[in-house]
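Accompanying notes for the structure given below.
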Amino acid sequence: MPGNKRIDIIVLGHEASLSGAPLLLMNLLELLQRQDSVHIRLSVHRDGPLVQTYAKYFPVLVLKSADYGREKNIARKISNFIRNKIQLLRLLKMTWNSDLIFSNTIINGKVLKVLALAGRPVITYVHELENVIDLYLRYGDAGYSLKQSSVLAYPSLKVRNTLVEKYKVDQHRLMPLNYYFPVDSQLLGQQEMRDLAIQSFRNRFGFSAGDFIVGGMGLASARKGTDLFIEVYHAVRRKNAEIRFCWIGDFETATIREELLQKLNQGNPDNFVFTGVLPHSYFNLAPFEIFFLSSREDPYPLVILEAAMMKIPAICFADSGGIPEFVDNDAGWTIPGFDVNFVCNLLIDLYKNRSAIAAKGSVAYNKVMDRHTDASLILQQFNDLIKGIQR
C-alpha cells in the first residue's frame, strides 16, 4: 500500500448472499487483509449466509436483518427499524476513525449519504450496467454513489464506458480493478478430481459418458437470457438430438419458473436439464463441452471465468455486456446481436469439431490465470485506487 501508514478501510457490502459480488468481495478482502498495512472493518447492508464466513477474517457489522422490510409481525418490524438506526450510528462512529470507505456496489448511496458526515473519501466498485443503475437511480440508491465517490472502480471496459457515456462520469475518476480468484492451479489441474466431479454430475442428472453438453448457469431470468438459452436448445434439438443442454441455478421467481418450463415444454424437453442450485465448486462446470452465456445484460459474469478455469470456452452475445472483452474470438465465440440461429448453427458445427473447442479452451484458461488469479496485479490495482483518492 502507498506509504508506510497503516490504512483503516471501512468496507460496505450489500447482500451477504452466495452470489457473485459478495463472493468476489470475500476474495478481495482476504487478499487485502494479508497486507500488514491494511486494517479492514466490514459492514453488510443485509444479513445472509456469507456473514459467518466474513466474520472469520474481520469484524462485521450487519445493518439490516435478512427479513427487514418483509416482516409480518408489527413488533418485529419496529424492532428491526430501531436496530437498523442504531447500527447506522455505530457504522458512522467507526467511519470517523477510518481513512476511507470502499463500497462494493453502486447501490449503497443512501448509506454513503449518512457516512458523508465523517468526511472520508469513497471508492465505489461498480459491478452494474445500465438497467440496474437506472433502477436504483429511481430508488435513490445509486445517484449519491455516482456523484460523490472520489474514485469508481470497474471490472470491465463496458462498465467504464457506460459510466462515461450514459452517466457522464469524469473519466479521471474511473480506474480498473480486476476480479480476483485465489485458485490453486495444481488443484484445478488434478484430472482425478475433475473426472470424479464429471462422473458424479452425470450420474446425478442422467447424462451418459461422452454426452456433448452445452452449459448455462445463473438465476434463470430475462436478464440472464434463459429464454434465449431454451430457444437455442429447441433449434439445436431439431437438427441434432445428440447435443444436450443443462442449466445450473434457481429461477428468479415462481412466475418465471412457470413461463420458462412452459417454453421448454413447447418442444421436446428430453435433452434439457435444470439442476437447481448446486454448492459452489469450480468443478461444477467440468462436465460441459461449451458454456453458452445467453445473458442480455451482464457486466462481467464470473461463470465465464470459472468455465475458463476448466478450459471450457464460451459463446456469448456481443451486446451482452463486458464479457466479450474476455471471450473475444480466441477464448470462445462472440455472436453478433442476439442471433439464436447463429448460435444454433455454431453448436451444430462445433459438435463435429472438438479440436476447435479444445484450442479455445486452452486460450481461455491462460487468459483467466493471467488476468484474475495474479495477486500482485490485483494489489497493484488497489494501490492505484488509493493513490487515485489522494490526488
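The values are calculated or read from the model by the stated rules, or taken from the named source; none is laboratory data. Worth saying up front: this structure is predicted, and the values here are computed from it rather than measured. So basically every Cβ, Gly included, is an ideal-geometry build from the backbone, and we count neighbours across all protein chains shown. In case anyone asks, the SASA skips ligands and DNA or RNA and just uses the protein heavy atoms, side chains included. Shrake-Rupley method; radii C 1.70, N 1.55, O 1.52, S 1.80 Å.
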query = If you scan segment 277-290, which residues turn out to be under 18 Å from the mean Cα position of the chain (by Cα) and not in a loop (DSSP other than H, G, I, E, B)?
reply = Tyr282, Phe283, Asn284, Leu285
message = For segment 39-58, give me the residue count where each residue is under 19 Å from the mean Cα position of the chain (by Cα) and without any contact (Cβ under 8 Å) to a residue 60 or more places away in the chain.
response = 9
task = Determine which member of the set Ser150, Ser156 is of a type in the set (Ser, Thr, Tyr), open to solvent by 10 Å² or more (accessible area, probe 1.4 Å) and touching a residue at least 60 places away in the same chain (Cβ under 8 Å).
result = Ser150
inquiry  = Just the residues that are in contact (Cβ under 8 Å) with a residue 24 or more places away in the chain and open to solvent by 40 Å² or more (accessible area, probe 1.4 Å), please, taken from segment 350-359.
reply    = Tyr351, Arg354, Ala358
request  = For segment 87-110, name all the residues that are outside any strand (DSSP E or B), out of contact with any Phe, Trp or Tyr (no Cβ under 9 Å at 6 or more places or on another chain) and in contact (Cβ under 8 Å) with a residue 12 or more places away in the chain.
outcome  = Gln87, Leu88, Arg90, Leu91, Leu92, Met94, Thr95, Trp96, Asn97, Ser98, Asp99
note = Exactly one of Asn161, Asn203 is under 20 Å from Asp298 (Cβ atoms), open to solvent by 20 Å² or more (accessible area, probe 1.4 Å) and among the polar types (S, T, N, Q), and that one is Asn161
key: Every pair of residues 6+ apart whose Cβ atoms lie under 9 Å, when the first sits in segment 374-386 and is closer than 12 Å to Leu28 by Cα while the second is of a type in the set (Gly, Ala, Ser)   = Gln381/Ala153; Phe382/Ala153
message = Being over 20 Å from the mean Cα position of the chain (by Cα) and open to solvent by 20 Å² or more (accessible area, probe 1.4 Å) is the filter here; which residues of segment 164-176 pass it?
response = Val164, Glu165, Lys166, Tyr167, Lys168, Asp170, Gln171, His172, Arg173
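Residue by residue, here is whether (1) within 21 Å of Asp195 (Cα to Cα); (2) in contact with an Asp or Glu (Cβ under 9 Å, 6 or more places away or on another chain); (3) surrounded by fewer than 23 Cβ atoms within 10 Å (Cβ to Cβ) holds:
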position	(1), (2), (3)
Gly215	yes, yes, no
Glu231	no, no, yes
Ala235	no, no, yes
Trp247	yes, no, no
Gln266	no, no, yes
Pro269	no, no, yes
Ile290	yes, no, no
Leu293	no, no, no
key: Residues satisfying the stated conditions in segment 377-391, i.e. modelled with pLDDT of 95 or more and either among the polar types (S, T, N, Q) or loosely packed, with under 14 Cβ neighbours inside 10 Å (or both)   = Gln380, Gln381
task = Go through segment 1-48 and count every residue that is farther than 22 Å from Asn383 by Cβ, modelled with pLDDT of 85 or more, assigned to a strand (DSSP E or B) and charged (D, E, K, R).
result = 1
query = Say we look at segment 303-335 and pick out the residues that are of a type in the set (Val, Ile, Thr) and assigned to a loop (DSSP other than H, G, I, E, B); which of these is surrounded by the fewest Cβ atoms within 10 Å (Cβ to Cβ)?
reply = Ile312
query = Pro182 versus (1) within 27 Å of Phe292 (Cα to Cα); (2) outside any loop (DSSP other than H, G, I, E, B); (3) open to solvent by 50 Å² or more (accessible area, probe 1.4 Å): which is the lone unmet condition?
reply = (2)
message = Suppose the filter is open to solvent by less than 10 Å² (accessible area, probe 1.4 Å) and touching a Ser or Thr at 6+ places or on another chain (Cβ under 8 Å); does Leu347 pass it?
response = no
